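Heads up, the thing below is written out as structure tokens.
The values are calculated or read from the model by the stated rules, or taken from the named source; none is laboratory data. Treat the numbers as computed from the prediction; the structure is a model and nothing was measured. Glycine gets a Cβ as well: all are built from the backbone with ideal geometry, and neighbour counts include every protein chain shown. Keep in mind that these areas ignore ligands, DNA and RNA; they rest on the heavy atoms of the full protein, side chains included. Shrake-Rupley method; radii C 1.70, N 1.55, O 1.52, S 1.80 Å.
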Amino acid sequence: MANAGGFVEQMLPVITLIATTPRVDLLEQFALPSIRRQSCQPSMVLIVSDNRRLEASERQSIRSHLPGIDIVFLENAHSPGAAGSWNTGLQKISQLFPACYVAIIDDDDRWTANHLATCLKCSDHGAADVVVSGIHVVIDGQIKYTNVPSRLIAQDFLRGNPGWQGSNTFIKAETLRSVGGFTDGLTSCNDRDLAIRVLDGPAVTVNFTGTATVFWQCNGNPSALSAPRSAQKLKGCAQFLQLHEKRMSPADREAFFDRVETLFQWSRNDIEAEKYRLAVD
């Protein structure tokens, strides 16, 4: 792994994993330039296409953005959505690199040029199971606020997301495998669901970079899960409630519903109705 700064001793390879519907235009505008600029280049990039196979011309265009980096193109072999796509990628990664860090980036998000180097530097020479970096939240092209977590517990993710999301996921493949990967079929809230299951595990070591190296495009695209009144977000929130509401306190439930209404414009009644619909389908 190339290192412009010379301060990172690589203990484990880093594999970058991207799930896309596909949205090649966003990949080429955001994620791919971020990967190319990394001072520590990943050992491989896996791009998993969800709804259709990437055309040869699209694959060629993507390769042109990442010269000198090995790229593997896959098609989602599980339930449609990010979870199935990531699990498809994880299975391939486990075959090729059983011991590695998996660094996820969404197709419409960005990393600073030192993101991978910073995560590696803060991994204690590969001892950490998870390294969590801070996130700049970008709305309408402007950084609205920055979240730099220094402590995370599973209970926090019942209410909302205190700072572990898709594009700052930097985790050992072994740790992902130990919890069964992502929850297949969960249409959103995958980051929170994963965080709960990983943080519930015994002896999981989580390190923090103490700096923001990720730019999350919140509500940045009408097709994004985070878009206001996204049907996938509604379904995902209802699914998440089905999975985890038994451990929610009344205060947790209030905070959960308030956050969804504020960020995504779905009310408590909307989510409860969707949860009922899912139960009877």
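What is region 70-112 by shape, rounded, prolate or oblate, if you read a ≥ b ≥ c off the alpha carbon gyration tensor as root eigenvalues and call it rounded for a/c under 1.5, prolate for a/b larger than b/c, and oblate otherwise?
oblate
Once you place label points 7 Å from the Cα toward the Cβ at MET11 and GLN60, how far apart are they in nm?
Calculated label separation equals 4.3 nm.
Under 12 Å from a point placed 7 Å out from the Cα of ARG247 along the Cα-to-Cβ direction: which residues of region 152-170 have their backbone N that close?
Only 153-159 fall inside the zone, counting backbone N under 12 Å.
Charges on Cβ only, +1 for Lys and Arg, -1 for Asp and Glu, centred on the Cα centroid of the chain; of GLN217, LEU66, GLN265, which one is farthest towards the dipole's positive end?
Positive-end residue among those listed: LEU66.
Give the accessible area for LYS144 in Å² (nearest 10); use a 1.4 Å probe, count only protein heavy atoms, and leave out ligands, DNA and RNA.
120 Å²
If you line up the long axis of helix 190-199 against the longest principal axis of the chain, both from Cα atoms, how many degrees apart are they, to the nearest 10?
It is inclined by approximately 80 degrees.
Given R₀ = 25 Å, FRET efficiency for ASP124-TYR145 by Cβ-Cβ distance, to 0.05?
Working from the Cβ atoms, E equals 0.30.
Tell me, what HN-Hα J-couplings in whole Hz come from the Karplus equation 6.51 cos²θ - 1.76 cosθ + 1.60 at θ = phi - 60° for each residue of region 143-152, using x for Gly and Pro?
Calculated HN-Hα couplings, in order: 6, 8, 6, 10, 10, 10, x, 10, 7, 9 Hz.
Rounded to two decimals, what ratio of Rg to Rh does the chain give with C-alpha atoms and a Kirkwood Rh?
Looking at the chain, the ratio lands at 0.95.
When the label point is put 7 Å from the Cα of GLN265 along its Cα-to-beta-carbon vector, which residues of region 124-164 have a backbone N closer than 19 Å?
Label zone hits: 138-142.
For region 70-166, count all C-alpha to C-alpha pairs, find those more than 19 Å apart, and express that count as a whole percent of the total.
Summing the P(r) of region 70-166 above 19 Å gives 56 percent of all pairs.
Once fully extended, how much extra length lies between ALA231 and VAL280, figured as 0.36 nm per residue of separation less the alpha-carbon to alpha-carbon distance?
My answer for the length gained is 15.8 nm.
Using a Gaussian network for the chain with springs between C-alpha atoms less than 10 Å apart, which of these wobbles most: SER57, SER230, SER34?
Maximum among the listed residues: SER57.
Throw me the Rg/Rh for region 127-281, computed over C-alpha atoms with Kirkwood Rh, two decimals.
0.95
Could you tell me the center-to-center distance, by alpha carbons, between region 246-260 and region 26-99 in angstrom?
35 Å
Under a cut-off of 16 Å between alpha-carbon atoms, report the lysines in cross-link reach of LYS121, not counting same-chain residues fewer than 8 places apart.
LYS172
Could you work out Rg/(2.2 N^0.38 Å) for region 159-205, with Rg from alpha carbons only?
1.09
For region 1-105, just the Cα set please: Rg and Dmax, both in angstrom.
13.6, 42
Rounded to the nearest 10 Å², what accessible area does ASP258 have for a 1.4 Å probe in the complete protein model?
Looks like 90 Å² after rounding.
How large is the accessible surface per residue of the chain, computed with a 1.4 Å probe and reported in Å² as a whole number?
43 Å²
Keeping all protein chains in position, work out how much accessible area ASP25 exposes to a 1.4 Å probe, and write it in Å² to the nearest 10.
110 Å²
Sort LYS235, LYS246, LYS121, LYS172 by accessible area with a 1.4 Å probe, largest first.
LYS246, LYS121, LYS235, LYS172
By a straight-distance test (C-alpha under 24 Å), which lysines pair with LYS235 as possible cross-link partners, with residues fewer than eight away in the same chain excluded?
LYS246, LYS275
Add -39500 (n - 2.57) for each DSSP H run of 4 or more in the chain, then divide by its residues: what number comes out at 222 nm, to the nearest 500 deg cm²/dmol?
-10500 deg cm²/dmol
Check which residues have an amide H placed less than 5 Å from SER133's amide H, if you skip close sequence neighbours.
Amide H neighbours of SER133: THR209.
In whole percent, what relative contact order does the chain give with Cα contacts below 8 Å and a gap of six or more residues?
19 percent
Have a look at ASP108, ASP70, ASP50 and tell me which one the Gaussian network model of the chain (Cα, springs below 10 Å) gives the largest fluctuation.
Largest GNM mean-square fluctuation: ASP70.
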